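Structure, as structure tokens:
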Amino acid sequence: MTEDRLKERVLLNRRLNTLRRLRSAAFPGTETWFDTDIEYLENKLRTREGQA
């Protein structure tokens, strides 16, 4: 894994963790607002791991 890919992976994981924290702290009924972004980043991370 190159250093650039590692940095990108770390950044994606940070963004995912931030979104998960925001989702858990969200008002009832609004937590689903974060689902699309979380799914997108998880898929992007999974795709990147498959290419490594």
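What follows draws every value from the coordinates through simple rules; no lab data is involved. Owing to the predicted nature of the structure, the values given are computational and were not obtained by experimental measurement. Note that each Cβ is placed from the backbone with ideal geometry, even for glycine, and that neighbours are counted across all protein chains shown.
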(request) Report the calculated FRET efficiency for T47 and R23 (r = Cβ-Cβ distance, R0 = 25 Å), to the nearest 0.05. (result) 0.70
(request) Could you order peptides 26-38, 9-21 by the average number of other Cβ atoms within 10 Å of their residues, highest first? (result) 9-21, 26-38
(request) Consider just the alpha-carbon atoms of the chain and return their Rg together with their Dmax, both in angstrom. (result) 12.7, 41
(request) Rounded to the nearest 10 degrees, what's the angle between the helix 35-51 long axis and the longest principal axis of the chain, both from Cα atoms, 0 to 90? (result) 10 degrees
(request) Quote the charge dipole size of the chain about the Cα centre in Debye, to the nearest 20; the model charges only the Cβ of Lys and Arg (+1) and of Asp and Glu (-1). (result) 160 debye
(request) Return one number: the angle in degrees, 0 to 90 and rounded to the nearest 10, between the long axis of the Cα atoms of helix 3-25 and the longest principal axis of the Cα atoms of the chain. (result) 10 degrees
(request) Return the calculated 222 nm mean residue ellipticity for the chain, to the nearest 500 deg cm²/dmol, obtained by summing -39500 (n - 2.57) across DSSP H runs with n ≥ 4 and dividing by the residue count. (result) -26500 deg cm²/dmol
